[in-house]
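Notes for the one structure printed next.
The values are calculated or read from the model by the stated rules, or taken from the named source; none is laboratory data. Everything quoted here is computed from the prediction, not taken from an experiment. Glycine gets a Cβ as well: all are built from the backbone with ideal geometry, and neighbour counts include every protein chain shown.
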């Protein structure tokens, strides 16, 4: 009987170690937000690329090469940062998540609000 008790204790300590390796709820929510913003930035970059391609030299002017390139580079950076955030723990995951939010903020400020 003492054998099953000690096994239960070992399993419990393993379970606690596995639970403590998980990111906190706030970091998971923040990573979810940054993932959604990254996906949105990729979608906008693709839409701008399509709009630029569809607006030939003889038709309505498109968004411009600068805007398309800026969004494409920013989307690529956000995807890489989100990948790091999703595969890291602790401070590194937090910093990568905050960097994604900063990239999206800079894109919004530079190309849409200014």
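List the number of the failed condition for residue 76; all other conditions in (1) at pLDDT below 95; (2) surrounded by fewer than 18 Cβ atoms within 10 Å (Cβ to Cβ) hold.
So the condition that residue 76 fails would be (1).
Looking only at region 37-73, count how many residues are within 19 Å of the chain's Cα centre (by Cα) and loosely packed, with under 12 Cβ neighbours inside 10 Å.
Selection size over region 37-73: 1.
So is residue 33 at pLDDT 95 or above and in a helix (DSSP H, G or I) or not? Reasoning before the result, please.
Values: at pLDDT 95 or above: yes; in a helix (DSSP H, G or I): yes.
Against the criterion (at pLDDT 95 or above and in a helix (DSSP H, G or I)), residue 33 qualifies.
What number of residues within region 95-114 are surrounded by fewer than 16 Cβ atoms within 10 Å (Cβ to Cβ), part of a helix (DSSP H, G or I) and over 10 Å from the mean Cα position of the chain (by Cα)?
9
Can you give me the number of residues within region 80-94 that are buried (at least 18 other Cβ atoms within 10 Å of the Cβ) and without any contact (Cβ under 8 Å) to a residue 60 or more places away in the chain?
Kept after step one, since they are buried (at least 18 other Cβ atoms within 10 Å of the Cβ), are these residues of region 80-94: 81-82, 85, 93-94.
Imposing the further condition that a residue be without any contact (Cβ under 8 Å) to a residue 60 or more places away in the chain reduces the set to 81-82, 85.
Residues in region 80-94 being buried (at least 18 other Cβ atoms within 10 Å of the Cβ) and without any contact (Cβ under 8 Å) to a residue 60 or more places away in the chain: 3 in total.
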